[in-house]
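Structure first, then comments.
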Amino acid sequence: MSITNHFHTMPTPTTHYSSPDQVPKATICIVGGTNVAHALARSPHTSGSFTIDTPFGVSPVIYFGETSGVPFYHITLHGSTELSGVAEQEVLLRVWSALHQLGVSDVLGGATAGSINEKYKLGDWVVADDFVDFNIDRQRSIAAAVLGAKTAARVLPRYVPADDPVLRKILVEETANVAGANNVHEGGVIVQAAGGRFETAAEIRMFKYLGSDLVTMNVPTEMAYARQLNINYASLIAISNPAEGLGTWEWTTLSDLYPKFHAQSIEIYLAAVRRINELPERRRIGDTLRVHPEFD
């Protein structure tokens with residue numbers, strides 16, 4: 001069923017809470033990027049929005065909604081656009097600290113990306129399971145900042161795999177249902193560029209040589225931070241353009257694809273939320289992946 005033509009005409013007022021105890025409860029959050037943009041936030045599936053205090057300042061706007069009675073949170077565009085004027089790293093700390101405070105156990109990420117793997121077509125979806133991170137400006141770990149130095153002293157996560165396989169399987173299956181099995185790819189290596197500009201053709205050739213399948217700017221950071229905070233994570237990535245030097249594209253290439261991405265991603269995310277709610281175990285990241293053993 002299409003849901004693209006039913007949006008709120010006016011945004012609902014945003015409530016500020018000083019304590020997470022006051023907030024409507026949910027344990028699943030969709031942290032969307034350009035693959036969904038503001039479409040889910042403006043849809044009838046969200047009924048309100050709020051902010052909360054974090055140790056790093058006020059959180060970005062967090063939307064609250066339900067699908068078939070299952071509650072979920074939603075943060076648009078990685079939280080960045082709601083906090084204009086706030087440094088990027090501070091935004092990230094506020095987003096992930098808020099999710100930790102709220103007791104979120106499962107995060108579904110998202111983005112659009114440039115395709116390096118020649119098997120990917122424009123309009124395809126990828127649920128990647130590994131990453132290479134070239135953004136050296138961001139903190140490698142937020143564990144000490146969010147969890148406290150004592151708790152974080154032994155948090156040195158492994159990323160094998162870098163996402164949660166259970167969530168990945170759900171996203172792949174629901175994407176196949178919505179977009180067709182030939183248009184979804186399970187697994188893949190994301191290379192995270194530093195951001196602020198598109199990559200050069202030479203950089204893309206280097207990324208391809210390193211074994212990367214697609215390039216984007218935020219998802220690997222989310223994969224890393226989620227693991228540090230014991231949050232299950234998988235991401236739904238849309239192929240919006242060939243990576244630079246590997247094909248031709250115009251800005252209209254992106255704008256023509258976005259309506260389809262937004263509509264499909266909403267259907268996929270909501271179906272995934274319903275399935276995640278039925279999972280018997282919600283915290284699946286064990287100490288063998290997150291925590292360094294005692295030294296003595």
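Observations on the model:
- Test result for Ala162, modelled with pLDDT of 95 or more, of a type in the set (A, V, I, L, M), in a loop (DSSP other than H, G, I, E, B) and open to solvent by less than 30 Å² (accessible area, probe 1.4 Å): yes
- Entirely in segment 168-218, the strands (runs of 3 or more DSSP E) that have 1 or more residues that are open to solvent by 40 Å² or more (accessible area, probe 1.4 Å) and at negative phi: 184-186
- Residues considered: Asn135, Asn230. Of these, the only one that is assigned to a loop (DSSP other than H, G, I, E, B) and under 24 Å from Pro293 (Cα atoms) is Asn230.
- Looking across segment 103-130, the residues that are open to solvent by 20 Å² or more (accessible area, probe 1.4 Å) and part of a loop (DSSP other than H, G, I, E, B) come down to Gly103, Asn117, Glu118, Lys119, Tyr120, Lys121, Leu122, Asp129.
- Complete set of residues in segment 95-143 that are of a type in the set (A, V, I, L, M) and over 22 Å from Val36 (Cα atoms): Leu102, Val132, Ile136, Ile142, Ala143
Every residue, every condition in (1) more than 25 Å from Met223 (Cα to Cα); (2) in contact with a Lys or Arg (Cβ under 8 Å, 6 or more places away or on another chain); (3) modelled with pLDDT of 95 or more, yes or no:
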site: His6; (1), (2), (3): yes, no, no
site: Ser18; (1), (2), (3): yes, no, no
site: Cys29; (1), (2), (3): no, no, yes
site: Phe64; (1), (2), (3): no, no, yes
site: Ile75; (1), (2), (3): no, no, yes
site: Ser84; (1), (2), (3): no, no, no
site: Leu93; (1), (2), (3): no, no, yes
site: Ala98; (1), (2), (3): no, no, yes
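- Number of residues in segment 239-296 that are loosely packed, with under 11 Cβ neighbours inside 10 Å, modelled with pLDDT of 90 or more and assigned to a helix (DSSP H, G or I) equals 3.
- Tally of residues being touching a residue at least 24 places away in the same chain (Cβ under 8 Å) and out of contact with any strand residue (DSSP E or B) (no Cβ under 6 Å at 6 or more places or on another chain) across segment 248-264: 6
The values are calculated or read from the model by the stated rules, or taken from the named source; none is laboratory data. Here the structure is a predicted model, which is why all the values come from computation and not from measurement. Methodologically, a virtual Cβ is constructed for each residue, glycine included, from the backbone with ideal geometry; neighbour enumeration extends over all protein chains shown. Please note that ligands, DNA and RNA were not included when accessible areas were found on the heavy atoms of the full protein model with its side chains. Shrake-Rupley method; radii C 1.70, N 1.55, O 1.52, S 1.80 Å.
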